[in-house]
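Values quoted throughout were computed directly from the atomic coordinates according to the rules given, and no laboratory measurement underlies them. Computed from a predicted model, the values in this text were never measured in an experiment. Heads up, the Cβs are rebuilt from the backbone with ideal geometry, glycines too, and the neighbour counts pull from every protein chain shown.
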Amino acid sequence: MFSGALTAIITPFRDGAVDERALRDLIEWQIAEGIDGIVPCGSTGESATLTHAEHETVIKIAIEQVNKRVPVIAGTGSNATAEAIRLTRAAQELGADGALLISPYYNKPTQEGIFRHYRTIAQAVDMPLLVYNIPGRTGSNVLPETFARLAEIKNIGGAKEGSASMDQVADIIRLCGGNFAVLSGDDALTLPIMALGGKGVITTIGNVMPREIHNLAQAAAAKNFEFAREVHYKMLPLMRALFVETNPIPVKQALAFMGKCANELRMPLVPMTAPAAERLHLVMKELRLV
């Protein structure tokens, strides 16, 4: 199953369209910097405002550019089970190595409904699946006991855990066992989650500091916690600055500061306010990123 630091890659836009050249260049830089995987079309990739055609195009570009050098885990989630199946099948046909599926949002299913949602998708495809739990965006929490049931399904091999509860993370790892890969959904919790037995992170800061977050995950996996702490504290100010406004607003601004893409978002997301952007630039300057 997947491990290490996998970047939830942004989707660059220019003049309202997906900027294919910028996306390919970003992915190439990520791989050169040692990242362990690429995750297109997640929330950081603004999947909520991509058309169905754009969704498949972004996944296709990522798979082509990566060219089997690292895993590509496609974001294919939806709050409609049938739509999630369609997106996941499309990603499998395009050649993705796995799929990341957000827990159903807005309609707030019960735990039984969440379980059946993932089970139905797993039965419809033949590829590794990761459950993405982020209650702050979905309005519901996937409980550890539900994760334990999901872990018994053959091709559900792990989770991106974004509940921000270390108690919950510990219970998931305890109940699901070592073959179920728990990946942090929060950059700042990567180190403590890996200390509990997590396998890595699906990362936002990896868009900006891929080598460093790879080094942190690699060190934590090797139980070199002294070095991992050093890298963690180096990145912590930027981890915080990248979430002063809704993700991916700050990370796109950061990459624009670095000259890697245009600072263009899809409505209803809008660029950072000037004070927040100034704070972000100052942090990046202190890290010698700009």
Legend entry - Derived scalar couplings ³J(HN,Hα) [the stretch 126-132; Karplus, 6.51 cos²θ - 1.76 cosθ + 1.60; whole Hz; x for Gly, Pro]: 10, 7, x, 10, 10, 7, 10
Inset, instruction - Once you have the Cα-Cα distance between residue 166 and residue 124, take 0.36 nm times their residue separation minus that, and quote the gain in nm to one decimal. - result: 11.9 nm
Legend entry - Sequence-distant residues sharing a close amide H with residue 5 (under 5 Å, placed H): 36, 201
Legend entry - Theoretical FRET efficiency, 1/(1+(r/R0)^6), r = Cβ-Cβ of residue 25 and residue 229, R0 30 Å, to 0.05: 0.40
Inset, instruction - Pop a pseudo-label 7 angstrom from the Cα along the beta-carbon direction at both residue 195 and residue 285 and give the gap in nm to one decimal. - result: 3.3
Inset, instruction - Rounded to whole Hz and in sequence order, give me ³J(HN,Hα) for the stretch 226-241 from the Karplus expression 6.51 cos²θ - 1.76 cosθ + 1.60, θ = phi - 60°, writing x for Gly and Pro. - result: 5, 5, 4, 5, 4, 5, 4, 5, 4, 7, 3, x, 6, 3, 6, 5
Inset, instruction - Would you grab the residues whose amide H sits under 5 Å from the one on residue 132? Only those 5+ places off in sequence or on another chain, please, with H modelled 1.01 Å from N. - result: 101, 102, 103, 160
Legend entry - Euclidean distance between Cα centres, the stretch 166-211 to the stretch 114-162, Å: 15
Inset, instruction - Multiply the residue gap between residue 80 and residue 33 by 0.36 nm, knock off their C-alpha separation, and tell me the result in nm, one decimal place. - result: 13.3 nm
Inset, instruction - Excluding residues fewer than 8 places away in the same chain, name every one of the aspartates and glutamates whose C-alpha is closer than 12 Å to that of residue 234. - result: 212, 286
Inset, instruction - Please count, across the stretch 4-227, the pairs of lysine residues with Cα atoms under 30 Å apart that sit 8 or more places apart or on different chains. - result: 16
Legend entry - Under the Karplus curve 6.51 cos²θ - 1.76 cosθ + 1.60, θ = phi - 60°, whole-Hz ³J(HN,Hα) for the stretch 172-184, x wherever Gly or Pro sits: 4, 4, 5, 7, 9, x, x, 7, 9, 7, 8, 10, 5
Inset, instruction - Out of all DSSP beta bridges with both ends in the chain, state the antiparallel percent to the nearest 5. - result: 5
Legend entry - Convex hull volume per residue for the stretch 24-71, taking Cα atoms only, in Å³: 68
Inset, instruction - Using only C-alpha positions, report the orientation-averaged shadow area of the convex hull of the chain, nm², one decimal. - result: 13.4
Legend entry - 5 angstrom amide H check on residue 157, placed H, neighbours 5+ away: 129
